[in-house]
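The structure appears below as structure tokens.
The values are calculated or read from the model by the stated rules, or taken from the named source; none is laboratory data. Given the structure is predicted, the values throughout are model-derived calculations rather than measurements. Counting neighbours? That spans all protein chains shown, and the Cβs are built from the backbone with ideal geometry, glycine included. The accessibility values were calculated without ligands, DNA or RNA, using every heavy atom of the protein model including side chains. Shrake-Rupley method; radii C 1.70, N 1.55, O 1.52, S 1.80 Å.
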Amino acid sequence: LRSPYSGGHLEVIVGPMFSGKSEELIRRVTRALIARQRVAVFKPALDDRYHVTQVASHAGRTTEAVAVPSAASIRAHLSGQGELLSAQPEGVDVVGIDEAQFFGPDLVPLVLELADAGVRVILAGLDLDFRAEPFGPVPELLARAESVEKLTAICTVCGAPATRSQRLIGGQPARFGDPVLLVGAQESYEARCRVHHEVRR
Ligand code: ADP
């Protein structure tokens with residue numbers, strides 16, 4: 001696959017929900033597979049178990065992925081300790097990671113190490129949380145990346161480019177202090193522009 005970078009490097013794809021981050025990650029990964037490169041795609045697991053799954057876009061495109069509980073388990077898989085990728089003992093050319101915002105700060109040294117070792121790393125994730133505050137390790141990853149693509153969705157209120165994810169709880173804008181995970185709540189998300197994004201104080 002032709003790339004403007006001669007060796008390993010870091011590509012980051014960000015934007016709000018529905019901006020096409022997963023679509024873009026799947027597009028890049030699919031092209032690498034067509035070029036017969038060895039690709040491993042990861043995403044955060046909701047529980048603490050590894051399993052083979054998919055990265056899926058809202059429009060329905062998918063690519064195979066491994067769900068992992070932590071950045072450390074990505075490292076374990078790639079170094080051959082995991083069972084799922086042991087079919088690729090010589091390593092990988094491309095590592096894709098979706099929902100990068102949900103990994104902790106130890107995602108940063110891992111992806112830098114991979115890039116330094118010659119791997120093309122493609123990350124997709126939310127740059128901002130529902131309060132429009134920088135999300136987890138993503139700000140530092142943006143700073144350290146060779147390539148950054150910032151995508152927009154369509155604002156559900158006015159149709160302008162949306163840069164933010166509106167969180168609604170029971171149809172009402174979420175409060176700044178609401179916990180990120182609400183058990184049993186009626187919650188949903190919409191893409192919104194700066195003008196129509198609302199956070200209750
Ligand atoms: P992300 O990974 O950024 O959440 P996806 O790649 O999963 O985005 O989904 C993007 C797709 O979502 C678009 O191609 C479109 O079909 C659909 N979509 C639904 N709502 C919107 C919206 N408000 N703005 C843009 N695309 C939307």
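Any residue in the stretch 157-175 that is closer than 25 Å to Gln37 by Cβ and either aromatic (Phe, Trp, Tyr) or within 16 Å of the ligand (Cβ to nearest atom) (or both)? Within the stretch 157-175 (the criterion being closer than 25 Å to Gln37 by Cβ and either aromatic (Phe, Trp, Tyr) or within 16 Å of the ligand (Cβ to nearest atom) (or both)), the answer is no, since none of the residues qualifies.
Among the residues of the stretch 5-57, those that are polar (S, T, N, Q) and under 23 Å from Arg144 (Cβ atoms) comprise Ser6, Ser19, Ser22, Gln37.
Exactly one residue out of Asp127, Asp178 is of a type in the set (D, E, K, R) and not assigned by TED's automatic domain parsing to the domain that holds His58, and it is Asp178. Scanning the stretch 103-131 for residues that are surrounded by fewer than 19 Cβ atoms within 10 Å (Cβ to Cβ) and within 16 Å of the ligand (Cβ to nearest atom) returns a single hit, Asp129. Looking only at the stretch 18-31, which residues are within 30 Å of Glu133 (Cα to Cα) and either open to solvent by 10 Å² or more (accessible area, probe 1.4 Å) or at pLDDT below 95 (or both)? Listed by number, the residues that qualify are Phe18, Ser19, Gly20, Lys21, Ser22, Glu23, Glu24, Arg27, Arg28. The set of residues from the stretch 32-57 being within 16 Å of the ligand (Cβ to nearest atom) and either surrounded by fewer than 18 Cβ atoms within 10 Å (Cβ to Cβ) or more than 17 Å from Arg120 (Cα to Cα) (or both) comprises Pro44, Thr53, Gln54, Val55, Ala56, Ser57. Do you know which of the residues in the stretch 70-102 that are modelled with pLDDT of 90 or more and assigned to a loop (DSSP other than H, G, I, E, B) is surrounded by the most Cβ atoms within 10 Å (Cβ to Cβ)? Once the filter is applied, the top-ranked residue is Asp98.
Residues that are modelled with pLDDT under 85, in the same structural domain as Glu64 (by TED's automatic domain parsing) and not in a loop (DSSP other than H, G, I, E, B): does the stretch 41-51 have at least one? Within the stretch 41-51, one or more residues are modelled with pLDDT under 85, in the same structural domain as Glu64 (by TED's automatic domain parsing) and not in a loop (DSSP other than H, G, I, E, B). Name the residues in the stretch 1-32 that are in a loop (DSSP other than H, G, I, E, B) and more than 13 Å from the chain's Cα centre (by Cα), would you? Of everything in the stretch 1-32, those that are in a loop (DSSP other than H, G, I, E, B) and more than 13 Å from the chain's Cα centre (by Cα) turn out to be Leu1, Arg2, Ser3, Pro4, Tyr5, Ser6, Gly7, Gly8.
The residue list Gly15, Gly60, Gly7 contains one member that is within 15 Å of the ligand (Cβ to nearest atom) and surrounded by fewer than 18 Cβ atoms within 10 Å (Cβ to Cβ), which is Gly60. When the stretch 183-201 is filtered for residues that are assigned to a loop (DSSP other than H, G, I, E, B) and either open to solvent by 100 Å² or more (accessible area, probe 1.4 Å) or more than 15 Å from the ligand (Cβ to nearest atom) (or both), the ones remaining, listed by number, are Val183, Gly184, Ala185, Gln186, Arg194, Val195, Glu198, Val199, Arg201.
Is it the case that Gly159 is under 14 Å from Glu198 (Cα atoms), free of Cβ contacts under 8 Å to residues at least 24 places away in the same chain and loosely packed, with under 15 Cβ neighbours inside 10 Å? Considered against the rule, which asks whether it is under 14 Å from Glu198 (Cα atoms), free of Cβ contacts under 8 Å to residues at least 24 places away in the same chain and loosely packed, with under 15 Cβ neighbours inside 10 Å, Gly159 comes out as no.
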